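This report concerns only the one structure given below.
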Amino acid sequence: MADALKAEGIYFESFTGKVDDCAVFGCCESHSLMAIVIQPRASEPWLMGLQDYPCDREWAQDERRLFTEIGHRMAEALSAFIFLRDLHKSEKRFKDLVGNIPGVVFRCGNDLNWSMLYISDYVETITGYPPSGFIDNCTRAYSSIIADEDRNTVGETIRGAIKKGEPYGIEYRIHDSENQMHWVYEKGQGAIGKDGKLKYVDGILFDITDLKKSRRGVG
């Protein structure tokens, strides 16, 4: 029986007396059994069974169809559950990794404000602003904290690199929540879709204010 249940699809059988496959169904007195193999995507197969103890019986076609439909819906539900569970695990691993980087990891859209689709928590350490406020320009656009004197240069540098299909690197100034100036170094690259159009920009930026001060001191 165990071999038959490994096959994809549905397995039906009637039993009289004790079920002999205890590893699968447990040792019990079952007179009739209906079972289905459920195969969620990206997972090991599951087994769902329905037993009738009191007497021998033949399962009607309507019962089989209903049982099959329930099995299919369970497979879909399990697939969704497993996908969300694995997604949650991968997101946690990503956040743990990003949390150990002393810089701001971001993904922004292709628009005039470089609207943030994702920005790591470290942005609050540098700017004093919580990351949630930058997402989709909820409270402020990231471009709004770039120094006025540098804003056009930043945009031209990024767009020029994207047009050439190259990564970019640029130093510029930003103002934090207390209007203090910080020098940052940003490194990024555009992600191009199959249609040849820019989907978004991925990058990372570091606060280099202390480095700039030390250079001035040496000079």
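So, in the range 130-167, exactly how many residues are touching a helix residue (DSSP H, G or I) at 6+ places or on another chain (Cβ under 7 Å) and either without any contact (Cβ under 8 Å) to a residue 24 or more places away in the chain or farther than 22 Å from Ala191 by Cα (or both)? Total satisfying the criteria: 10.
Against the conditions (1) open to solvent by 40 Å² or more (accessible area, probe 1.4 Å); (2) assigned to a strand (DSSP E or B), Gly203 satisfies every one except (1).
Can you name the strands (runs of 3 or more DSSP E) wholly within the range 93-194 that have at least 1 residues being open to solvent by less than 80 Å² (accessible area, probe 1.4 Å) and closer than 21 Å to Lys213 by Cβ? Walk me through how you get there before you give the answer.
Working: elements: 104-108, 116-119, 168-175, 181-192.
Ranges flagged: 104-108, 168-175, 181-192.
Of the listed requirements (1) modelled with pLDDT under 90; (2) in contact with a strand residue (DSSP E or B) (Cβ under 9 Å, 6 or more places away or on another chain), Asp202 misses just one: (1).
Among the residues of the range 65-79, those that are open to solvent by 50 Å² or more (accessible area, probe 1.4 Å) and either modelled with pLDDT of 75 or more or over 17 Å from Ala35 (Cβ atoms) (or both) comprise Arg65, Leu66, Glu69, Ile70, Glu76, Ala77.
The values are calculated or read from the model by the stated rules, or taken from the named source; none is laboratory data. Predicted, not measured: the structure shown is a model, and the values here were computed from it. Every residue, glycine as well, gets a Cβ built from its backbone with ideal geometry; the counts of neighbours run over all protein chains shown. Heads up: the accessible areas ignore ligands, DNA and RNA and are worked out on the full protein's heavy atoms, side chains in. Shrake-Rupley method; radii C 1.70, N 1.55, O 1.52, S 1.80 Å.
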